Amino acid sequence: LLAVTDAGELSLNLAPLIPRALLERIVKSFQFPARQKNLELRLEADPDLPEITADEARLDRILSNLLTNAIRHTPSNGTIILLATRKSNKIMISVEDTGEGIPPEYLERIFDKFAQVESHRSRRSYSTGLGLTFCKLAVAAHGGRIWAESELGKGSTFTFTLPVEAV
């Protein structure tokens, strides 16, 4: 269950966090499902990412949702890269895949509750359920933002920012 404040925001359990350690752990935990689909999964993170104040459980769930989606929508022999860099007073984290991509008309709606996206290749509909909605709420609660970029047939990149300073 999600703990939500009276203002409709996700509540956070903030503590100091070393982002690189979390990212390494997440990538390690997703190696098995990636290998089952013959996907390459790798981490490309700045070695000197600063400590941040964040809710580790919420960040773990954001990254898990994004990586699960990337694995689900990337065909065999594809690549998924978890990228993390510092941009001035923010950390940018991206999940980049070589999947089928998302039609441009769906890019804004995919963060809405129970959004439906039709697969370009198979013509099947995929429900995004609540996973991306949770990601949007959790990133916003941290003072960041999340967005997606995609090109049909080439893949998608989901990026979110987190402030280096406390929320």
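The values are calculated or read from the model by the stated rules, or taken from the named source; none is laboratory data. Predicted, not measured: the structure shown is a model, and the values here were computed from it. Using ideal geometry, Cβ is built from the backbone for each residue, glycine included, and neighbour counts are taken over all protein chains shown. What goes into the accessible areas is simple: the full protein's heavy atoms, side chains included, and nothing from ligands, DNA or RNA. Shrake-Rupley method; radii C 1.70, N 1.55, O 1.52, S 1.80 Å.
If you take the residues in segment 12-38 that are touching a Ser or Thr at 6+ places or on another chain (Cβ under 6 Å) and open to solvent by less than 80 Å² (accessible area, probe 1.4 Å), which one is nearest to residue 84 (Cα to Cα)? Ranking the candidates gives 14 first.
Within segment 72-91, the set of residues being modelled with pLDDT of 95 or more and out of contact with any Gly (no Cβ under 9 Å at 6 or more places or on another chain) comprises 76, 77, 81, 82, 83, 84, 85, 86. Of the strands (runs of 3 or more DSSP E) contained entirely in segment 2-99, not one carries at least 2 residues that are out of contact with any strand residue (DSSP E or B) (no Cβ under 9 Å at 6 or more places or on another chain) and touching a residue at least 40 places away in the same chain (Cβ under 8 Å).
May I ask you to list pairs of residues, at least six apart or on different chains, whose Cβ atoms are under 8 Å apart, with the first in segment 132-152 being within 19 Å of residue 101 (Cα to Cα) and basic (Lys, Arg) and the second being open to solvent by less than 20 Å² (accessible area, probe 1.4 Å) and at pLDDT 95 or above? From segment 132-152, no pairs qualify. With respect to the stated conditions, residue 84 is among the aliphatic types (A, V, I, L, M) and within 20 Å of residue 136 (Cα to Cα).
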